[in-house]
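The values are calculated or read from the model by the stated rules, or taken from the named source; none is laboratory data. Owing to the predicted nature of the structure, the values given are computational and were not obtained by experimental measurement. Cβ sites come from the backbone with ideal geometry, for glycine too, and all protein chains shown count toward neighbours.
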Amino acid sequence: MKFIDLFCGIGGFRIGFERNNFECVFSSDFNSKVQDTYETNFGERPYGDITKIDPKDIPDFDVLLGGFPCQPFSISGKKLGFEDTRGTLFFDVCNIIDFKKPKVVVLENVQHLINHDKKRTFSVILRSLKDLGYNVTYKILNTKDFGLPQNRQRIFIIGTKYGFFDFDKIKIIKSNPLNDFLDKKGNFEYIDEDEYTLLDSKYVKVQPDSGLKFIGYRNKTGFRDVRPNSEHLNRVHRQPNRIYSVDGYHPTLPSQETSGRFFIYIPKENKVRKLTINECYRIMGFPEDYIKHPTNGEQYRQIGNSVSVSITEEISRQIIEQNLLEKTNEPSGKIIGDLRELLFD
């Protein structure tokens, strides 16, 4: 069971698939600092520019993995298929798929891909895979449903030559609260009590959909265009300014260093602090012995751009259990999903 790891980042896809005995035979990422981290952990340096990859030079494989960048597609021809992806990195992915014809394709992106360019981009992606002979299913998955305390939603698109990937068979594991994933000791970055305000307890509750427990906000000043008597709301609605209780989950880890960690309130200590970098990697499912980039800013950027290991591990397990690497009589070239109305006839 062999796979290639395109737009590989720091290996979130790879770790999950290797845990189910898949073997990586090729990797690629354009960012040299990401390449450094990947090489340190996996012993191989990813190929650089995907536009310069000749599919003939890629070893044979069964599964193509890729957290590809989202770019505007040209739909001048309105074919809404393979031909409409020219000039984008997704076109290079399609070229590799067309030449190597893997049994399974797994693509990942932010959930807003669905609405990108008035939903045309998503339609082109689905139709492209269909035109290349794949059955396509897709679903938004949340890290919090895979045993990790982070509200992180991503769209996963899976194309299969034989049969269909059934997302309903995925095993959902409700995560314990963030508190269970915190470091017991360390050089914690606390903030002073006069730098934040906690909400009255009657306003605090765990949000049912996200699992977040918003509990307060930082007392930052200098916000622009703040209307009189609305300072409180202004602070509350700026997400990097919010404080969340460790009795709930953590918001999506972003890739920007300045907002790479949100503030968390620890009831037992009655203190507010930031997550440590180890905690960030832990709530993405990375192993404790994972070797991080030596630069602090890069550590946050790289983990914020990664994919949750717990999700990729479950997807790889389901590929095996659903026998999607075995040839069946299922016809190829169909699209199944809750968002079929997005497709143009």
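Mind counting the residues in the stretch 18-28 that are part of a loop (DSSP other than H, G, I, E, B) and touching a Phe, Trp or Tyr at 6+ places or on another chain (Cβ under 6 Å)?
Qualifying residue count, the stretch 18-28: 1.
Inspect all residues belonging to the stretch 142-149 and state whether any of them is surrounded by fewer than 18 Cβ atoms within 10 Å (Cβ to Cβ) and assigned by TED's automatic domain parsing to the domain that holds VAL93.
no
So LEU107 fits all but one of (1) aliphatic (A, V, I, L, M); (2) in a strand (DSSP E or B); (3) more than 18 Å from ARG154 (Cα to Cα); what number is the exception?
Tallying (1) aliphatic (A, V, I, L, M); (2) in a strand (DSSP E or B); (3) more than 18 Å from ARG154 (Cα to Cα), LEU107 fails exactly one: (3).
For the stretch 30-51, indicate whether the set of residues that are in the same structural domain as HIS116 (by TED's automatic domain parsing), assigned to a helix (DSSP H, G or I), within 27 Å of ILE125 (Cα to Cα) and touching a residue at least 60 places away in the same chain (Cβ under 8 Å) is non-empty.
yes
Just the residues that are modelled with pLDDT under 60 and in contact with a Cys (Cβ under 8 Å, 6 or more places away or on another chain), please, taken from the stretch 217-271.
GLY260
Being more than 22 Å from SER308 (Cβ to Cβ), in contact with a Gly (Cβ under 9 Å, 6 or more places away or on another chain) and of a type in the set (A, V, I, L, M) is the requirement here; does LEU132 meet it?
So LEU132 passes the test.
So which residues in the stretch 81-114 are under 18 Å from the mean Cα position of the chain (by Cα), at pLDDT 90 or above and either of a type in the set (S, T, N, Q) or at positive phi (or both), if there are any at all?
ASN109
Go through GLU321, GLU326, GLU330 for me and flag whichever is of a type in the set (D, E, K, R), in the same structural domain as ASN115 (by TED's automatic domain parsing), modelled with pLDDT of 95 or more and surrounded by fewer than 16 Cβ atoms within 10 Å (Cβ to Cβ).
Answer to the check: GLU321.
Across the stretch 115-141, what is the number of residues that are in a loop (DSSP other than H, G, I, E, B) and at pLDDT below 90?
4
Just checking, how many residues over the stretch 173-185 are surrounded by 12 or more Cβ atoms within 10 Å (Cβ to Cβ) and out of contact with any Phe, Trp or Tyr (no Cβ under 8 Å at 6 or more places or on another chain)?
Result for the stretch 173-185: 5.
For the stretch 296-323, which residues satisfy the criterion of being of a type in the set (Gly, Ala, Ser) and in contact with a strand residue (DSSP E or B) (Cβ under 7 Å, 6 or more places away or on another chain)?
Correct list: SER308, SER310.
How many residues are charged (D, E, K, R) and assigned to a loop (DSSP other than H, G, I, E, B) when one looks only at the stretch 7-17?
0
Evaluate the stretch 70-80: report whether one residue or more is in a loop (DSSP other than H, G, I, E, B), touching a Leu at 6+ places or on another chain (Cβ under 7 Å) and of a type outside the set (D, E, K, R).
Within the stretch 70-80, one or more residues are in a loop (DSSP other than H, G, I, E, B), touching a Leu at 6+ places or on another chain (Cβ under 7 Å) and of a type outside the set (D, E, K, R).
If we scan the stretch 154-167, do we find a residue that is β-branched (Val, Ile, Thr) and surrounded by fewer than 19 Cβ atoms within 10 Å (Cβ to Cβ)?
Checking the stretch 154-167: not a single residue is β-branched (Val, Ile, Thr) and surrounded by fewer than 19 Cβ atoms within 10 Å (Cβ to Cβ).
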